[in-house]
Amino acid sequence: MNQNLTEKLTKSDFLLFCEAPRHLWAKKNLKIDLTLTDFDQHLIAEGYEVEKLAQEYFANEILPQKPGCQMKLQQTFTDGPFQARVDILLDNPETSTYEIYEVKSSTNLDKKDLYDVAYQFLILQNQVKIEKAVIVHPNKEYIRDGELDLAQLFIVDDLTEKVHELLPEIDALRHEALSVFDCKDPFELAQCLTPRDCPCPDICHPQLPEFSIFDVPRLSPKKKAELLDMGIRDAREIPVTFSLNDKQLLIVERARTHSEYLDQYSLQIELNQLQFPLWFLDYETCISAIPRFQGYHPQQQIVFQYSLHRLDNPKAELHHFGCIALTDGDPSLYLLEKLAADLGRTGTVIVWNKSFEMTMNKEMAKLYPEYGNFLLDLNSRIYDLGEIVNQGIYLHPQFKGSWSIKHVLPVMVPELSYEEMAINKGDKASMAWWNMTFGEVAQEEKTRLLEALDKYCELDTLAMVEIYRKFAAMV
Ligand code: SF4
């Protein structure tokens, strides 16, 4: 192996390899865009904040239970070409043993977290005796009541047994990851079958057809591999005999025929369910790993804005209501007061992807039981307009298998667009509110941000109004 002996495979390299081998290759060959958005930076800053709190928790709650032990922070260890930094290491000089504590911001642990700790374990066990491998992370059951209670905020998951079982697999994987350093051709590395939002698409799928097999929703990896083996990447070339479910067939048919599909009967049934006045509702939210306000749990979305359009009858004038809450405390209380005043008690409430708005309403009902009946009633009146596309009642070839409003709107209502807007994505909206609430923003900038937020959220509900009108004109 020609691997440069000074180059180390860090823990983040290893995890990048586990995500997709070609991502590690692209990083080493400077072919991946690792630019961080403001929202990525916000998540990293929150991660540091969680780590600081976890260290405090550790010093106050765990260390006193381990007399004679010392806490060591951010120590780096190497084992030949492998390297890892340990968040918190507990050193027991009496027994000459150590415990690894990895800090995470998420409330749910996944396979990547296990791999992360197992990678550290492998490196350290070559040099010292490790007794325990543990993840410290926020407890999703914790509800903030007054000041943050670190003893309740954090939970400790002992993964020692699981890590031991994983070691042979991680050992093999880390050597595979290391071989990427010497790899000249990324095509020698395992193929990834999910080229959506790719960080380096030109490496894996250069000149992907406009409507590719990867756009067919829920196509299994096995079927994708079968098609690739047949030399097929364009959805239009999928043979008619190839086994697909009904919805996939409808979508592939759009690619082949480049024609729309409308199930007029089902569309009529859907639209018949709607009762005027129609209310078109959309929330903007920002997630926080640490509960910022009373009653919140870790990783809870904070609802800070809504846009609401009211249509009394098909020909009536459209009315708009909106609210951005910039308050000292929880914005959702102020928002609920306004929403309860703006939203009438009759008529269908139209959203796009109802699980999100309904979950936000349930969360706010827990925070403010005095609005419980209002929010319960609101949820019972919700209709998800996106389902007309998601269920395949109306499909357009240019949706390319997606039912996201960001893909549907430019096709159905091209005159409305997010493109030129100062804030044109949910995570940018989140950051604008976060910075105005927790950061230092000059008055002039604040005025600009408020205007941009207003326009962005209003477009989300106006988009639904116009898409609804297009559907209504089809029956
Ligand atoms: S297809 Fe996309 S996501 Fe998959 S490895 Fe290649 S660049 Fe990454």
Selection from region 30-60 of residues that are among the polar types (S, T, N, Q) and in contact (Cβ under 8 Å) with a residue 12 or more places away in the chain: 37, 55, 60
The lone exception for residue 225 - which of (1) among the hydrophobic types (A, V, I, L, M, F, W, C); (2) without any contact (Cβ under 8 Å) to a residue 24 or more places away in the chain; (3) not in a loop (DSSP other than H, G, I, E, B) it fails: (2)
Residue in region 203-216 that is nearest to the ligand (Cβ to nearest atom), counting only those that are closer than 15 Å to residue 25 by Cβ and in contact (Cβ under 8 Å) with a residue 40 or more places away in the chain: 204
Odd one out for residue 251, checked against (1) part of a helix (DSSP H, G or I); (2) over 28 Å from the mean Cα position of the chain (by Cα): (2)
Residue 149, sole failed condition from (1) over 25 Å from residue 9 (Cβ atoms); (2) modelled with pLDDT under 95: (2)
Region 353-367 - residue that is touching a residue at least 60 places away in the same chain (Cβ under 8 Å) and over 18 Å from residue 426 (Cα atoms) and, of those, nearest to the chain's Cα centre (by Cα): 363
Positions within region 356-384 being in a helix (DSSP H, G or I) and acidic (Asp, Glu), in sequence order: 357, 363, 370, 377
Near pairs, Cβ below 7 angstrom, 6+ apart or cross-chain, from region 382-395 (among the aliphatic types (A, V, I, L, M)) to any residue that is part of a loop (DSSP other than H, G, I, E, B): 385/352; 389/403; 393/263; 395/260
Matching entry among 136, 180 (being within 16 Å of the ligand (Cβ to nearest atom), touching a strand residue (DSSP E or B) at 6+ places or on another chain (Cβ under 9 Å) and either assigned to a helix (DSSP H, G or I) or touching a residue at least 12 places away in the same chain (Cβ under 8 Å) (or both)): 180
Residue satisfying all of: in region 192-222; assigned to a loop (DSSP other than H, G, I, E, B) and of a type in the set (Ser, Thr, Tyr); farthest from the chain's Cα centre (by Cα) among these: 220
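In region 112-124, which residues are more than 14 Å from residue 10 (Cβ to Cβ) and surrounded by 17 or more Cβ atoms within 10 Å (Cβ to Cβ)? So that I can check it myself, show each step before the final result.
Filtering region 112-124 for residues more than 14 Å from residue 10 (Cβ to Cβ) gives 112-114, 117-118, 121, 124.
Listed by number, the residues that qualify are 113, 114, 117, 118, 121, 124.
Checking the conditions here, which among 35, 97, 10 is touching a strand residue (DSSP E or B) at 6+ places or on another chain (Cβ under 8 Å) and under 29 Å from residue 206 (Cβ atoms)?
10
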Subset of region 183-201 that is without any contact (Cβ under 8 Å) to a residue 12 or more places away in the chain and surrounded by fewer than 16 Cβ atoms within 10 Å (Cβ to Cβ) - its residue that is farthest from the ligand (Cβ to nearest atom): 184
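Quickly run through region 433-452 and pick out the residues that are among the hydroxyl-bearing types (Ser, Thr, Tyr) and either exposed (fewer than 14 other Cβ atoms within 10 Å of the Cβ) or touching a Gly at 6+ places or on another chain (Cβ under 7 Å) (or both). Spell out how you get there, then give the answer.
Within region 433-452, the first condition is being among the hydroxyl-bearing types (Ser, Thr, Tyr), and the residues that meet it are 437, 447.
Residue satisfying the conditions is 447 alone.
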Residue within region 31-42 that is hydrophobic (A, V, I, L, M, F, W, C) and away from the ligand (no atom under 16 Å from the Cβ) present: yes
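The values are calculated or read from the model by the stated rules, or taken from the named source; none is laboratory data. Not measured: the values here are computed from a predicted model. We place every Cβ from the backbone using ideal geometry, glycine too, and count neighbours over all the protein chains shown.
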